[in-house]
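Everything on this sheet refers to the single structure shown next.
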Amino acid sequence: MSDTTPILRINALTKTFNEFTALHAIDLKVHDGEFLAIVGPSGSGKTTLIRLLVGMDEPSDGSIWLRDQRIDEMPANKRPTCMVFQSLALFPHMTVGQNIEFPLKLRKVAPEDRKARALELLDLLRLPQDYYSKRIDQCSGGERQRVALARALAFDPEILFFDEPLSALDYRLRKALEKELKDLHARTGKTFIYITHSLEEAMVMSDRIAIMRAGRFEQIAPAEEIYARPVSRFVAEFMGEVNLFPIRAGQAEGVTLSPAAASAFGGATGTLMVRPESLQFLEGEEHAELTFAGRIEAEYMLGSRVQYTVTLEGGQTLIAEVLRENAMPGGPGTPVRLGCAAAACHLIAEA
Amino acid sequence: MKPSAFTRAALLVYGIAILAFLYLPLVSVGFASVSKGRYLSFPIRRYATGWYGEAMASDTVRDLLFVSLKVAGIVTVLSVVIGFFGALAFARYNWRFRKTYQKLILLPIFFPQTVLGLALLMWFNAIGVIPSWKTAIIAHMVWIAPIATLIISIRAYSFDPALEEAARDMGAGTWTTLREVTIPLLMPGIVSAGLFAFLLSWGNFPLSLFTTGADSTLPEWLYAKMVSGYSPLVPTVGILTVAASATLLAVGLTVPWVLKLVKRKTAA
């Protein structure tokens, strides 16, 4: 993946539907070979964006560049990109082989070469070769997913777009396919742009995540950075469960700060973010840089971890998650103290 | 829940009664066509199949058949073409007054055909067009094209537009998308619409009566001969007409299935 030559560049891209603006002059650069996930809640504009990128809709303003070529005025069928649709859009009147060969047939590739490539792709996607003549309705959800991927790869696109293709699958299959997609990305070296509303999916697969909200990018960064250092309250909350405390002039209500922590946040104003897994139960007179005191309200078993809802002395609610072996005996009603290091917290500055 | 013996018996009787109600008149026409007597009376004393030979050899019947086939064939082709593009316009595009237009287009289906026939006849006279089998085509189209549109629309509404988008995304132009994706997926609807269009035109009497002028279709001739000049040739031609419809229906239902089978075998 090169840092200098973006394969895709979006400049001030805008899309309006009558009075409603779905995309507000957004900019984006995607690097060659990158796996970028675009994540956002429903109505954030991610599907509108992908439809503009593949040419299904026309932008109201702005431009889209593929390397040095402007493509936003190019019809969908002339763009060197391809999309795996949410519904997969496999042709039900064609066999698996005919589906995979479709883009090759359009390019007038000889039938024997088409078949050879289709069989090669079946291998790549770990589908048995006898699936070549199977009907689409004879394939399971996961197999259809692989056929759709094989068809898209047969097209050999510069960029492969995905519009929430795993959303209709059950949890176990989704998890398995997430890993397969990441593996496929590594094996093909193609640029993947993946739209999803599932943060988990995005975190497992992508090199970078772009968080969308109301037609704008809220933050674009690697998953780790977005998780640990969100730029806004929205991103912090979107990236999973989080404890947020308003902080004014270096003081946060419900949190006892050690002198070191107080100087670290010296006079800051904004929101203090503490992830549930950063918290630990404190024993006896043990102290931490940030200390929280309260009572356990509820306890939830999450497999290898245990989650607690704690009501703090000031009335705020705190969520803490610890490994099972570090679980707090006593259950609901037990008075507890929790702590974390200042370095594990993040201050979201006020906009 | 398992039905009781009484319920099963009642359902059987009900089923037989319904079938008898639907098919007994047709069976009696069949008997009339093989009765040697001029008029049908039971029990039939002497059977004869000579009327079938006479019907086959008759120039009149051949002319009637030709006119009916010509009208029904042209109506079928035109109705399917109009219905196909109409269905796509309704199901694929959002345009102003679409729903109102859709209702207005389908309205002729509910008009009494005699009134529609009379109105068309008056209109042809007003613009100076002499009624013939050609005007019958227009008359049949007014009634049948909306039905074809409705049948194809049902299919068009039920298929995922993402399939056409996917084809375009992979490099297919408008015509290629139509040929490779849209038409094959709408084919069951197109075949059904074609069959309906043909059979409705083939058996139509009220519209033909008003609009064929000096020409005549088989149903018109059957009616005219019932009114005056009846002979067992009338039920014979009637039975042959029904047999032609049934054959077409059987072919129409079988051919797509056979084609699918052949295509699957070729793909394998």
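Bear in mind that the values in this text are calculations on the coordinates, not laboratory data. Predicted model, so just to flag it, every value in this text is computed and none were measured. So basically every Cβ, Gly included, is an ideal-geometry build from the backbone, and we count neighbours across all protein chains shown.
Taking the criterion of being without any contact (Cβ under 8 Å) to a residue 60 or more places away in the chain and surrounded by fewer than 20 Cβ atoms within 10 Å (Cβ to Cβ), the residues of the stretch A:224-240 that qualify are A:GLU224, A:GLU225, A:TYR227, A:PHE234, A:GLU237, A:GLY240.
Can you tell me how many residues in the stretch B:210-242 are part of a helix (DSSP H, G or I) and within 17 Å of the chain's Cα centre (by Cα)? Steps first, please.
Step one: list which residues in the stretch B:210-242 are part of a helix (DSSP H, G or I), which gives B:210-211, B:218-227, B:233-242.
So of that shortlist, the ones also within 17 Å of the chain's Cα centre (by Cα) come out as B:218-220, B:238-242.
Number satisfying all stated conditions: 8.
For the stretch A:282-304, a residue qualifies if it is under 23 Å from A:HIS346 (Cα atoms) and crowded, with 16+ Cβ neighbours inside 10 Å, and the qualifying residues are A:LEU282, A:ALA288, A:GLU289, A:LEU290, A:THR291, A:PHE292, A:ALA293, A:GLY294. May I ask you to list the residues in the stretch A:161-188 that are part of a loop (DSSP other than H, G, I, E, B), over 16 Å from the mean Cα position of the chain (by Cα) and of a type outside the set (A, V, I, L, M, F, W, C)? Of everything in the stretch A:161-188, just one residue is part of a loop (DSSP other than H, G, I, E, B), over 16 Å from the mean Cα position of the chain (by Cα) and of a type outside the set (A, V, I, L, M, F, W, C), namely A:ASP170. Taking the criterion of being without any contact (Cβ under 8 Å) to a residue 60 or more places away in the chain, within 30 Å of A:PHE155 (Cα to Cα) and in a strand (DSSP E or B), the only residue of the stretch A:191-223 that qualifies is A:ALA221.
Being within 11 Å of chain A (Cβ to nearest Cβ) and either in contact (Cβ under 8 Å) with a residue 40 or more places away in the chain or closer than 21 Å to B:SER33 by Cα (or both), is that true of even one residue in the stretch B:187-208? Show your work before the answer.
Step one: list which residues in the stretch B:187-208 are within 11 Å of chain A (Cβ to nearest Cβ), which gives B:187-188.
Of the ones still in play, those that are also either in contact (Cβ under 8 Å) with a residue 40 or more places away in the chain or closer than 21 Å to B:SER33 by Cα (or both) are B:187-188.
So far as the stretch B:187-208 goes, yes, one or more of its residues are within 11 Å of chain A (Cβ to nearest Cβ) and either in contact (Cβ under 8 Å) with a residue 40 or more places away in the chain or closer than 21 Å to B:SER33 by Cα (or both).
Looking only at the stretch A:16-75, count every residue that is within 25 Å of A:SER198 (Cβ to Cβ), within 14 Å of chain B (Cβ to nearest Cβ) and without any contact (Cβ under 8 Å) to a residue 60 or more places away in the chain and tell me the total. Final tally of qualifying residues: 4. In the stretch B:78-96, the residue that is farthest from B:LEU240 (Cα to Cα) out of those that are within 24 Å of the chain's Cα centre (by Cα) and without any contact (Cβ under 8 Å) to a residue 40 or more places away in the chain is B:ALA89. Just so you know, in the stretch A:88-117 the residues that are without any contact (Cβ under 8 Å) to a residue 12 or more places away in the chain and in a loop (DSSP other than H, G, I, E, B) include one that is farthest from the other protein chains (Cβ to nearest Cβ), and it is A:ALA110.
Looking only at the stretch B:137-174, how many residues end up being assigned to a helix (DSSP H, G or I) and either on the phi > 0 side of the Ramachandran plot or within 11 Å of chain A (Cβ to nearest Cβ) (or both)? Residues that pass the stated criteria total 10.
For the stretch A:309-327, a residue qualifies if it is touching a strand residue (DSSP E or B) at 6+ places or on another chain (Cβ under 6 Å) and in a loop (DSSP other than H, G, I, E, B), and the qualifying residues are A:GLU313, A:ALA327.
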